[in-house]
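Right, one structure below, let's go through it.
The values are calculated or read from the model by the stated rules, or taken from the named source; none is laboratory data. Every value quoted in this text rests on a predicted model; they were computed, and no experiment measured them. When we count neighbours, we look across all protein chains shown, and the Cβ atoms used for this are built from the backbone with ideal geometry, even at glycine.
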Amino acid sequence: MKKKIKNIIYSIVLILLILPFIQEQLDIFKINPLKGSFKKLEEPEFSFSAYYSGEFQNKYNDYLEQNIGFRPFFIRVNNQIAFSIYDTALANWVTIGKKNYLYEKNYITTY
């Protein structure tokens, strides 16, 4: 019985670890993209000189961080948890006002 439970837990953890990579490649679940101002990174081209200098690894790491599966979903969940539980807004230049309305700090300073 214990071995069966261990195998089930192991399988669930393995699926949870592999699922973002599958989502990245196959786009199984429809997830709305994030909105805002950010630069979309292109997949870096491989070259031996960039590989040996470490530049390729850094660029590819940045690319993977931006394009991993479920990224928009997890960013939204993280922001919602921070807002609902910790009463903080993780967005830059945003503050929480009365009745939990979100305001950009620029509007507050100009008022």
Residues satisfying the stated conditions in region 55-65, i.e. under 15 Å from the mean Cα position of the chain (by Cα) and surrounded by fewer than 13 Cβ atoms within 10 Å (Cβ to Cβ): 61, 62, 65
Report every pair of residues separated by at least 6 positions or lying on different chains whose Cβ atoms are under 6 Å apart, first residue within region 15-40 and in a loop (DSSP other than H, G, I, E, B), second surrounded by fewer than 11 Cβ atoms within 10 Å (Cβ to Cβ). none
Going by the structure shown, is residue 12 farther than 30 Å from residue 104 by Cβ, among the aliphatic types (A, V, I, L, M) and out of contact with any strand residue (DSSP E or B) (no Cβ under 6 Å at 6 or more places or on another chain)? yes
Quick count over region 1-27, residues being surrounded by fewer than 11 Cβ atoms within 10 Å (Cβ to Cβ) and within 17 Å of the chain's Cα centre (by Cα), is 4
Can we say residue 46 is at pLDDT 95 or above, of a type in the set (Phe, Trp, Tyr) and surrounded by 11 or more Cβ atoms within 10 Å (Cβ to Cβ)? no
If you go through region 91-106, how many residues are surrounded by 11 or more Cβ atoms within 10 Å (Cβ to Cβ) and either farther than 25 Å from residue 77 by Cβ or basic (Lys, Arg) (or both)? 1
Between residues in region 80-106 that are free of Cβ contacts under 8 Å to residues at least 12 places away in the same chain and residues that are among the aromatic types (Phe, Trp, Tyr) and surrounded by 13 or more Cβ atoms within 10 Å (Cβ to Cβ), which pairs lie under 6 Å by C-beta distance while being six or more apart or on different chains? 97/103
